[in-house]
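Q: Could you have a look at this structure, given as structure tokens, before my questions?
The values are calculated or read from the model by the stated rules, or taken from the named source; none is laboratory data. All figures in this text were calculated on a predicted structure; none of them were measured in a lab. Cβ sites come from the backbone with ideal geometry, for glycine too, and all protein chains shown count toward neighbours. Remember, those area values only see protein heavy atoms, side chains included, never the ligands or the DNA or RNA. Shrake-Rupley method; radii C 1.70, N 1.55, O 1.52, S 1.80 Å.
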Amino acid sequence: DRETMPGMLSRPMANLSFTQRIRDSRLAAFVVPFAVFMVSLQLIQWIRSDADGLPWWRTHPEHWGYPLQAILCLALVFWFRKSYPHFSLRGFGFGTILGVLGILLWLTPPAIHHFTGLGGEQKLPWLSWLGFQPRSDGFNPSAFGEETSPKLLIAILAMRLLRLVVAVPLLEEFFWRGFLMRWLIPSKEGWENLPIGSYDKQAFWFTSIAFALAHAGPDFFVALIFGALAGWVTVKTKNLWAVVWMHAVANLLLGIFILMTKWWGLW
């Protein structure tokens, strides 16, 4: 089945304003929100400083930067909404299964390290490169201390989960599986005219590797597996929303796990 786009591009491009041309561009729709997400992530990290005497917005920029990032990127997705495939529930069951499987695999290395010490200084330290290491340092929603009010803590957690469970799956899957995996397939018709889930071995694995590189660090190898599973969901279901759902399920379970264990480095 070829993807169908709601109400697309009936007006001559020459008669459109620059803003409308951008809005009607499928390339912009699939790439710009993700690009804004990645650039803003770097800006947030650049602003952060552990120097003494700085205000909270410099020492903990993630507490205001992540919510703004999520709101901005979701607003862009909404603005570009006419360029995305029609919503469909096809393949959501398959996406749920692989989402659970994917996050279990993602959590396996740090869990094994926690219970066995593998990857530590005394037990096969090279395994730390495969994610066998403690993951306690990261975004802590109670970083302001015990005086953090319950309402503020709830607001911080709500925005963090909005980013994790809604924004990230949409932005990443629209880009990786919606754009890049099709763009890499040679086609005279253009990538935007290829059906969602079109398969090409090189495009499939290049996209999976690129996804893993975007998660470079202790999550690289599990991200490579997760990226391949996400590609499989896309090819199997031919539905971009199924892989978005898979990613959302995985991230929701990840968020619950982090809140239970306080392994903040997994955010």
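Q: What residues from the stretch 101-139 fall in the zone where the backbone N is under 16 Å from a label point 7 Å along the Cα-to-C-beta line of Phe220?
A: 126-133, by backbone N distance to the label point.
Q: Output the 0 to 90 degree angle, nearest 10, between the alpha-carbon long axis of helix 220-237 and the longest principal axis computed from the alpha carbons of the chain.
A: 30
Q: Chymotrypsin sites (Phe, Trp or Tyr not before Pro), restricted to the stretch 55-143: which are DSSP loop and have at most 14 other Cβ atoms within 10 Å?
A: Phe87
Q: Ignoring ligands, DNA and RNA, how do Glu62, Glu121 rank by accessible area with a 1.4 Å probe, largest first?
A: Accessible-area ranking of Glu62, Glu121, largest first: Glu121, Glu62.
Q: Given a 1.4 Å probe and every protein chain left where it sits, what share in percent of the accessible area of the chain is carbon and sulfur? Working shown, then result.
A: Working: 9570 of 14160 Å².
Within the chain, the accessible surface is 68 percent carbon and sulfur.
Q: Taking only protein heavy atoms into account and a 1.4 Å probe, give the accessible area per residue of the chain in Å². Please report the intermediate quantities before stating the final value.
A: Numbers: 14160 Å² over 267 residues.
It amounts to 53 Å² per residue over the chain.
Q: Now, a different point. Got a sec to turn the phi values of the stretch 53-66 into Karplus ³J(HN,Hα) couplings, 6.51 cos²θ - 1.76 cosθ + 1.60 with θ = phi - 60°, whole Hz, x for Gly and Pro?
A: Values per residue, Gly and Pro as x: x, 7, x, 4, 6, 8, 7, 9, x, 5, 6, 10, x, 5 Hz.
Q: As a test question: what accessible area, to the nearest 10 Å², does Ser136 have when a 1.4 Å probe is rolled over all protein chains in place?
A: Using a 1.4 Å probe on the heavy atoms, I get roughly 60 Å².
Q: In what order, largest first, do Met159, Met260 sit by accessible area if the probe radius is 1.4 Å?
A: Numbers: Met159 55, Met260 150 Å².
Sorted by accessible area, descending: Met260, Met159.
Q: While we're here: Could you list, in their original order, any pairs among Lys201/Lys238; Lys82/Lys201; Lys82/Lys188; Lys82/Lys151; Lys151/Lys262 whose Cα atoms are separated by more than 27 Å?
A: Beyond 27 Å between Cα atoms: Lys82/Lys201; Lys82/Lys151.
Q: How tilted is helix 150-162 with respect to the longest principal axis of the chain? Cα atoms for both, answer in degrees (0 to 90, nearest 10).
A: 40
Q: Still on this structure, please answer the following. Please give the net charge around Leu254, taking every other residue with its beta carbon less than 14 angstrom from that of Leu254, where Lys and Arg add +1 and Asp and Glu add -1. All intermediate terms of the calculation are to be shown ahead of the outcome.
A: Details: positive: Arg135, Arg160, Arg163, Lys262; negative: Glu172, Asp219.
Here the charged neighbours net out to +2.
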